[in-house]
Amino acid sequence: MNLGRMSKPETNPGAAEPIRDCPFCRIAAGAAPAQIVFQDEEIVAFRDIHPQAPTHILLIPRRHIDSLGVANSEDAVVLGRLMLAAAQIARQERPADGFRVVINTGAGAGQSVFHLHLHLLGGRRMAWPPG
Ligand code: 5GP
Ligand code: ZN
């Protein structure tokens, strides 16, 4: 698959600038509070406000991307870093019996905040298939 040929739709022109009414852009900019567990120049990780497991951490790119559904080759590096950061945080948090990384993509799949984020979940038994 040639990811380079995938283009972002007109409605998401890359959004290099923070989106003012996006709650996760606000957290990334330090304009809204969050329990931050990790951050660097590209990524912020913070505890979910309504945790669904003893460990429930959200990882976001600082740069606004609506969802995984509109990610393209420009996002390849940050997507890889998000995955590796999730693994690193999981090693620090040490949830018993493994962990799960989830990216809800689209309202029908449960996405409620349209700034791409990974859920890192652990500390309890996980059912499969997910609901
Ligand atoms: P989604 O449903 O889009 O996959 O996940 C959004 C997640 O963001 C939910 O688990 C929700 O609890 C969490 N969330 C929504 N708003 C905030 C917020 O302002 N702060 C934090 N820490 N989590 C939030
Ligand atoms: Zn945003």
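The values are calculated or read from the model by the stated rules, or taken from the named source; none is laboratory data. These figures come from a predicted structure and were not determined experimentally. Cβ atoms come from the backbone with ideal geometry, glycine included; neighbour counts cover every protein chain shown. Only protein heavy atoms, including side chains, enter the accessible area calculation; ligands, DNA and RNA are left aside. Shrake-Rupley method; radii C 1.70, N 1.55, O 1.52, S 1.80 Å.
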Could you grab me the full set of residues in region 58-73 that are touching a Phe, Trp or Tyr at 6+ places or on another chain (Cβ under 7 Å) and either more than 14 Å from ligand 1 (Cβ to nearest atom) or farther than 19 Å from ARG20 by Cα (or both)? LEU58
Tell me which of these PHE114 doesn't satisfy, since it passes every other one: (1) within 16 Å of ligand 1 (Cβ to nearest atom); (2) touching a helix residue (DSSP H, G or I) at 6+ places or on another chain (Cβ under 6 Å). (2)
Just one listed residue, out of ALA32, ALA76, ALA28, is out of contact with any Phe, Trp or Tyr (no Cβ under 8 Å at 6 or more places or on another chain), touching a residue at least 24 places away in the same chain (Cβ under 8 Å) and within 16 Å of ligand 2 (Cβ to nearest atom), and it is ALA28
If we keep only residues of region 79-88 that are surrounded by fewer than 19 Cβ atoms within 10 Å (Cβ to Cβ) and in contact (Cβ under 8 Å) with a residue 24 or more places away in the chain, then the residue nearest to ILE103 (Cα to Cα) is MET83
Determine if region 31-48 includes at least one residue that is in contact with a His (Cβ under 9 Å, 6 or more places away or on another chain), within 17 Å of ILE103 (Cα to Cα), part of a loop (DSSP other than H, G, I, E, B) and at pLDDT 95 or above. yes
On the given criteria, is GLY123 within 14 Å of the chain's Cα centre (by Cα), at positive phi and either within 16 Å of ligand 1 (Cβ to nearest atom) or touching a residue at least 60 places away in the same chain (Cβ under 8 Å) (or both)? no
Since GLN35 meets every condition but one in (1) touching a strand residue (DSSP E or B) at 6+ places or on another chain (Cβ under 6 Å); (2) of a type outside the set (A, V, I, L, M, F, W, C); (3) open to solvent by less than 70 Å² (accessible area, probe 1.4 Å), which condition does it not meet? (3)
Selection status of ASP21, more than 15 Å from ligand 1 (Cβ to nearest atom), assigned to a loop (DSSP other than H, G, I, E, B), out of contact with any Asp or Glu (no Cβ under 8 Å at 6 or more places or on another chain) and open to solvent by 60 Å² or more (accessible area, probe 1.4 Å): no
Residues in region 57-77 that are open to solvent by 10 Å² or more (accessible area, probe 1.4 Å) and in a helix (DSSP H, G or I) total 7
